Structure formats: structure tokens, C-alpha cells
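Encoded as C-alpha cells, the structure appears first; notes follow it.
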Amino acid sequence: DQQVKQNSPSLSVQEGRISILNCDYTNSMFDYFLWYKKYPAEGPTFLISISSIKDKNEDGRFTVFLNKSAKHLSLHIVPSQPGDSAVYFCAATPNSGTYKYIFGTGTRLKVLA
Amino acid sequence: DSGVTQTPKHLITATGQRVTLRCSPRSGDLSVYWYQQSLDQGLQFLIQYYNGEERAKGNILERFSAQQFPDLHSELNLSSLELGDSALYFCASSVGGLARDTQYFGPGTRLTVL
């Protein structure tokens, strides 16, 4: 059972435009969420996180939005740059008990110059 | 560079064999995590160690085992290998062992079982 879902395997966006990557989760016990970026032949790199007590967290060009009632989060990248082309994974974890991350299957973002 | 190192980068072996993957965490990090990424799959959590002790277990097969040594490096042992064990294996580390301690990932070991 996939508790964290990224339903879009790929996304293409023009340079300078907004990229929106989506993630849905099913477990209501999740209360901390993260986005990781992964380039080929490298490990995932932490991008941004959000706690369930917030509905938005911003870091430079990256903003994560959380809609708890819909069990949905999204990552906005504005403006998108060619260097943002990578696979983006969302992850979730409950803030108690075991501290493992549950990852989605990833969305491959391609930013076209 | 995350500061997490993994060796080897690539490993090719045959079914039925046993291999050991090694991970050195970032300096100062006490927790080590192991993940498996099969083709077109997300990262599947296998196991976590904190300061030498097993902290959490995920979908780790009985044929797999891990340990964390006093110098905090960790090894993942995979035995009786099957074709389906071919995957990328990532190690991550964090300062503590809490959910909000950011995990930093190594570059991974690509295991191919023929």
C-alpha cells in the first residue's frame, strides 16, 4: 500500500515559469513532510520541509504548501531554472514512534531552456 | 557533497552470493539509515541505527542484516542474493534519531545480481 503518492511521473516546464509538483498521502498520522531532489548518480538532497502545524513554508525559490484536510502537499519552484531538472521525491513521517521516512516514487522535472 | 560516503559505488555479483555495503556517516551524526531503491520505485526504508543500536526496522528481508560499529560507520549485509535484490542502496545519516533531524544521503551503491 503506497502511503505517499506522486501521481505524475514526469513534468516539463519552460525556464522562468512555475513548476508545481504534487504529493498525496493517506496516513493521517504523518505530521512532518519533506522534499528531496535527486540528480543522476547522486543521492537525494534535502530541499525543504514542513510541519503539520503550518500550511506553507518558503525558502528562496522553493515553497511547500500543505493541505491537511485533503492530505495533499505541493512544491512550487518559481522561477524554474534548467539546473532544477532532477527527480523530486516527497517524504512523510509521523513525529512519534519510528522515525523512518516514507517516500513517494518521485516526479522527474525537466526545465526547458 | 553530503559528507556521507558509501562504498563500493557499483557491485556486480551472482545469485546466491553475499555482499557487504559500507557507509560512513557525516562527522558528528549518530544515526544511520539504509534505504533500497528498485527500478521506478521510491526509496524503501530498511533499517535505522542510532549510536550503535538498532532503532527502527522497515521492510528489511531476513536475508539482509546491518550493524553500526563503535566508530559509527555501518555495514549492510545482503546474503543469498536473488535477481530481485538488484537495486540502488542508499545510506543516510542524521545528527540524532528524531523525525525532524534532516537525513543526508550518500551517493548510493548500485547492486546488480546476475
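The table below gives the values:
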{"item": "Stokes-Einstein D for chain B, Kirkwood Rh over Cα pairs, 20 °C, 1.002 mPa s (µm²/s)", "result": "154 µm²/s"}
{"item": "Sorted by Cβ density within 10 Å, fewest first, the residues B:L114, B:L72, B:L30", "result": "B:L114, B:L30, B:L72"}
{"item": "Equivalent ellipsoid dimensions for chain A as semi-axes, Å, which come from the Cα gyration tensor, largest first", "result": "23, 15, 12"}
{"item": "Student exercise, region B:14-78 dipole from Lys, Arg, Asp, Glu Cβ charges, in Debye to nearest 20", "result": "100 debye"}
{"item": "Charged-residue dipole, Cβ positions (Lys, Arg, Asp, Glu), the protein assembly as shown about Cα centre, Debye nearest 20", "result": "340 debye"}
{"item": "Given charges at beta-carbon only (K, R positive; D, E negative), |dipole| of chain A in Debye", "result": "100 debye"}
{"item": "Over 20 Å (Cα to Cα) - which of A:K5/A:K68; A:K68/A:K110; A:K5/A:K38; A:K38/A:K110; A:K100/B:K57; A:K37/A:K68 fall in this group", "result": "A:K68/A:K110; A:K37/A:K68"}
{"item": "Spacing of the two label points (7 Å from each Cα toward its C-beta) at A:Q81 and B:H10, in nm", "result": "3.1 nm"}
{"item": "Binned Cα-Cα distance frequencies in the protein assembly as shown - 10 Å width, integer %", "result": "8, 33, 35, 19, 4, 0"}
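Bear in mind these aren't lab numbers, they're just calculated from the coordinates by the rules spelled out. Owing to the predicted nature of the structure, the values given are computational and were not obtained by experimental measurement. Virtual Cβ from ideal backbone geometry, glycine too; neighbours counted across all protein chains shown.
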